[in-house]
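Student: Provided herewith is a single structure, encoded as structure tokens, for subsequent inquiry.
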Amino acid sequence: MLEAKTREIRGRKTYELRGQRLVPAVVYGAGIDPKMLTIDRNEFVRLYQEEGESSLFDLVIDGKETLKVIIQDYQLDPLLNEVIHADFRVIDLTKPMEVDIELEFIGESPAVKALGGTLIKTRDFITIRCLP
């Protein structure tokens, strides 16, 4: 779960938010009008590390509205390597969706281990289509 607050501030004025360790964000998709939000940077980083980009989670807006979302995109400051913006996509739980799943190779192949072979990884993710 991630808590968010609606925001009215736009454009360059969002730099003030970033100075308060807040991140401007937007939520859109599945039959709702886009909403501008602010989220806590540390909470977003914690959630991203725990859940990743393809996990469904609750976004609570102003303590009233709860939406099922995924992280659609985020931007990093190139110098500070800190999150400066995030996009969340609302998911319709009744419709199939496509997500990229990162592959994690565990262990060592017997051919690599015993015969000195080389494992060439041609893909590091797969795309799946499923119901959320």
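The values are calculated or read from the model by the stated rules, or taken from the named source; none is laboratory data. This is a predicted model, so every value here is computed, not measured. A quick note on method: Cβ atoms are made from the backbone with ideal geometry, for glycine too, and the neighbour counts reach across all protein chains shown.
Student: Inspect all residues belonging to the stretch 56-65 and state whether any of them is without any contact (Cβ under 8 Å) to a residue 40 or more places away in the chain and not small (Gly, Ala, Ser).
Tutor: Taking every residue of the stretch 56-65 in turn, at least one turns out to be without any contact (Cβ under 8 Å) to a residue 40 or more places away in the chain and not small (Gly, Ala, Ser).
Residues are listed down the side, and each one gets a yes or a no for (1) touching a helix residue (DSSP H, G or I) at 6+ places or on another chain (Cβ under 9 Å); (2) touching a residue at least 40 places away in the same chain (Cβ under 8 Å); (3) not hydrophobic (A, V, I, L, M, F, W, C):
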| site | (1), (2), (3) |
| --- | --- |
| 6 | no, yes, yes |
| 9 | yes, no, no |
| 28 | no, yes, yes |
| 35 | no, no, yes |
| 76 | no, no, no |
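Student: Let me ask you something else. For the stretch 98-113, how many residues meet the condition of being in a helix (DSSP H, G or I) and either in contact with an Asp or Glu (Cβ under 8 Å, 6 or more places away or on another chain) or among the acidic types (Asp, Glu) (or both)?
Tutor: 0
Student: Within the stretch 14-32, can one find any residue that is modelled with pLDDT of 95 or more, aromatic (Phe, Trp, Tyr) and either surrounded by 13 or more Cβ atoms within 10 Å (Cβ to Cβ) or not in a helix (DSSP H, G or I) (or both)?
Tutor: Yes: the stretch 14-32 contains one or more residues that are modelled with pLDDT of 95 or more, aromatic (Phe, Trp, Tyr) and either surrounded by 13 or more Cβ atoms within 10 Å (Cβ to Cβ) or not in a helix (DSSP H, G or I) (or both).
Student: May I ask you to verify whether residue 89 is at pLDDT 90 or above, outside any loop (DSSP other than H, G, I, E, B) and within 24 Å of residue 6 (Cα to Cα)? If you could, list the steps in order and put the result at the bottom.
Tutor: Details: at pLDDT 90 or above: yes; outside any loop (DSSP other than H, G, I, E, B): yes; within 24 Å of residue 6 (Cα to Cα): yes.
It is true that residue 89 is at pLDDT 90 or above, outside any loop (DSSP other than H, G, I, E, B) and within 24 Å of residue 6 (Cα to Cα).
Student: With respect to residue 18, is the statement that it is farther than 23 Å from residue 125 by Cβ, of a type in the set (Lys, Arg) and in contact with a Ser or Thr (Cβ under 6 Å, 6 or more places away or on another chain) true?
Tutor: no
Student: Quick one: in the stretch 86-132, which of the residues that are of a type in the set (Gly, Ala, Ser) and surrounded by fewer than 10 Cβ atoms within 10 Å (Cβ to Cβ) is nearest to residue 12 (Cα to Cα)?
Tutor: Among them, the one singled out is 107.
Student: While we're looking at this one, here's another question. Name the single residue that is nearest to residue 127 (Cα to Cα) among those in the stretch 51-80 being outside any loop (DSSP other than H, G, I, E, B), among the acidic types (Asp, Glu) and modelled with pLDDT of 90 or more.
Tutor: Once the filter is applied, the top-ranked residue is 73.
Student: So, residue 83, is that one modelled with pLDDT of 90 or more, out of contact with any Gly (no Cβ under 6 Å at 6 or more places or on another chain), surrounded by 13 or more Cβ atoms within 10 Å (Cβ to Cβ) and within 22 Å of residue 38 (Cβ to Cβ) or not?
Tutor: Yes; evaluated as a whole, the condition is true for this residue.
Student: Next up: Just one of 46, 129, 89, 41 is in contact (Cβ under 8 Å) with a residue 60 or more places away in the chain and of a type in the set (Lys, Arg); which is it?
Tutor: Answer to the selection: 89.
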